[in-house]
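This report concerns only the one structure given below.
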Amino acid sequence: MPDTPAHFSPQFSPKFRPSREISRIDAQHIWHPYAAPGEPTRVVRSTDGCYLELADAVTTAAPGPAVEASADSESAAQPDSQWVIDGMSSWWAACFGHSHPRLVAAAKNQIDAMSHVMFGGLTHQPAAQLTENLLALTESRYQQVFYSDSGSVAVEVAIKMALQYARGASPAADGETSRNKLLTWRSGYHGDTFQAMSVCDPDGGMHSLWSGTVKEQIFVPAPPTRGASAQEREEYLQVVEDAMNGEVAAMIIEPVVQGAGGMRFHDHELLVGIRELCSKHGIVLIADEIATGFGRTGEVFTTHAAGITPDILCVGKALTGGFMSLAATLATKEVAETMQPAALMHGPTFMANPLACAVATEATAMIREGEWRSDVARIESALVAGLHPLRDKPGVADVRVLGAIGVVEMDADVDMAQATAAALSAGVWLRPFGRLVYTMPPYICNDDELAAICQAIARVVEVCGTHGTRGIRDTEARTTQLTETTPATTSTTRTTATAPTTPKETA
């Protein structure tokens, strides 16, 4: 790894509070995602390209090894700093790396004109321009766009749209309908708000605490994984159709990649079958592409690559290139014009924030330009070369790669602190969860940086892979097997299919 990140040469702040002071305040008062108060954290001083500059102080754990800092930056005066590669794209969002000059320029240009204005009764140019870009990227398959400030809210809005569509499509004059439930598959994750939690895996996910509190939805087994036979797909689709009773208003899925529910991959052909079944039974299809959208799998959107159009599409994360928080829910003309009542009663305070929209306009312009395609193909090749040899290592159950996603699944849960320390010793920031050690690197990573990420994952496997049993090693192995009589069940009943991992953390 170079001594100085050379991607964008940012200007560093001339003053830093001591990292241990920051850590003290953090440990005493700040809550972090999926954590109890006071759990160890590391201080980030700055970011550059695909690098994070970390201070050595942690709240309760020993610091990771130091890496020589840049002589041209303020951190040269900070002997405890270390530059590490962000192997997570900061939870899958910073697809173009950190502080990309085009995104920085978009933010600076917009902030002088208008940083925020309410969106109720008002509109502005950044929202209009971003909408044009999104409609172009989706090939004009959608008519209406609803902006929000997080992926979870984008899913909440999608569910509201679907339920209002069911009322509008009802033959009853008052819009009353029995279609008030959602259908989904296990090993899924769609967010942490209450409606979103209701369609996350009720047993294998992290929201089991709320069983009996969140609304009970209808679940089918996790889908057969990539490389499944046509017969396996047909049998699975029959299970899905059997669950499509008169209560189902919508089916929500993560297409091609189930993310934080287990990093499971499935085939495009399965999506075609799901689309056909939803159309046959008058069920709204919601595609959650918050993690996969904008190139992560090698395509702009996985649903479009499969040749299907969901009725509602959720996007986020990389929408702004990971620069700031913004999400969107897109609806087809039929959904928008059938919803009853027509008004969608949802309105985030920072809806369509002009600053976020301006940055997202530039990020989506970069997606439209398409230079990332060759980068993702290069990343996929590097991850295959670097990770597939780990299949035969002790404790490894599976290795799988798709686009700019690389996953090593272990036989048992990895120790988070141990795994993070092992990755940092190789100069890489990783955030494993459950049995999964994975990377979603920024598209700008060069070959040396990708090699370093693979070496860091290998180091984690070496340190954590001490369990005796071996699992499936073939990257195309089917980790979910359907029985001939597998029923669809509600969230209070466990199906006969089992998820490949029990995550303790998500994004």
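Among the candidates Val414, Val437, the residue that is touching a Cys at 6+ places or on another chain (Cβ under 7 Å) and of a type outside the set (S, T, N, Q) is uniquely Val414. Screening Ala422, Ala404, Ala417 for residues that are in contact (Cβ under 8 Å) with a residue 60 or more places away in the chain and buried (at least 23 other Cβ atoms within 10 Å of the Cβ) leaves exactly one candidate, Ala404. Scanning the stretch 174-189 finds one or more residues that are under 27 Å from Leu319 (Cα atoms), touching a Pro at 6+ places or on another chain (Cβ under 6 Å), aromatic (Phe, Trp, Tyr) and touching a residue at least 12 places away in the same chain (Cβ under 8 Å). Among the residues of the stretch 238-261, just one is among the charged types (D, E, K, R) and buried (at least 24 other Cβ atoms within 10 Å of the Cβ), namely Glu254.
Can you tell me which residue among Glu449, Glu369 is free of Cβ contacts under 8 Å to residues at least 60 places away in the same chain and either more than 22 Å from His266 (Cβ to Cβ) or within 22 Å of the chain's Cα centre (by Cα) (or both)?
Only one candidate passes the filter, namely Glu369.
What number of residues within the stretch 215-237 satisfy the criterion of being surrounded by fewer than 19 Cβ atoms within 10 Å (Cβ to Cβ) and part of a loop (DSSP other than H, G, I, E, B)? So the count comes out to 4.
If I ask for residues that are under 22 Å from Phe294 (Cα atoms) and in a loop (DSSP other than H, G, I, E, B), which ones from the stretch 432-445 would you list? Write out each step before concluding.
The first filter runs over the stretch 432-445 and keeps only residues under 22 Å from Phe294 (Cα atoms), leaving 438-445.
Of everything in the stretch 432-445, those that are under 22 Å from Phe294 (Cα atoms) and in a loop (DSSP other than H, G, I, E, B) turn out to be Met440, Pro441, Pro442, Tyr443, Ile444, Cys445.
Condition test on Gln129, is it over 23 Å from Ala250 (Cα atoms), of a type outside the set (Ser, Thr, Tyr) and in contact with a Ser or Thr (Cβ under 7 Å, 6 or more places away or on another chain)?
Working: over 23 Å from Ala250 (Cα atoms): yes; of a type outside the set (Ser, Thr, Tyr): yes; in contact with a Ser or Thr (Cβ under 7 Å, 6 or more places away or on another chain): yes.
Judged against the criteria, Gln129 is a match.
Here Ala71 fits the description: modelled with pLDDT under 50, in a loop (DSSP other than H, G, I, E, B) and either touching a Phe, Trp or Tyr at 6+ places or on another chain (Cβ under 7 Å) or among the small types (Gly, Ala, Ser) (or both). Looking across Val117, Val157, Val104, one residue alone is of a type in the set (Val, Ile, Thr), at pLDDT 95 or above, more than 18 Å from Phe294 (Cβ to Cβ) and buried (at least 22 other Cβ atoms within 10 Å of the Cβ). It is Val157.
Being in contact with a helix residue (DSSP H, G or I) (Cβ under 8 Å, 6 or more places away or on another chain) and not charged (D, E, K, R) is the filter here; which residues of the stretch 173-184 pass it?
Initially, the stretch 173-184 is screened for residues in contact with a helix residue (DSSP H, G or I) (Cβ under 8 Å, 6 or more places away or on another chain), giving 175-177, 179-180, 182-183.
Scanning the stretch 173-184 gives Gly175, Thr177, Asn180, Leu182, Leu183.
The values are calculated or read from the model by the stated rules, or taken from the named source; none is laboratory data. Keep in mind that what you see is a predicted model, and the values were worked out from it rather than measured. Methodologically, a virtual Cβ is constructed for each residue, glycine included, from the backbone with ideal geometry; neighbour enumeration extends over all protein chains shown.
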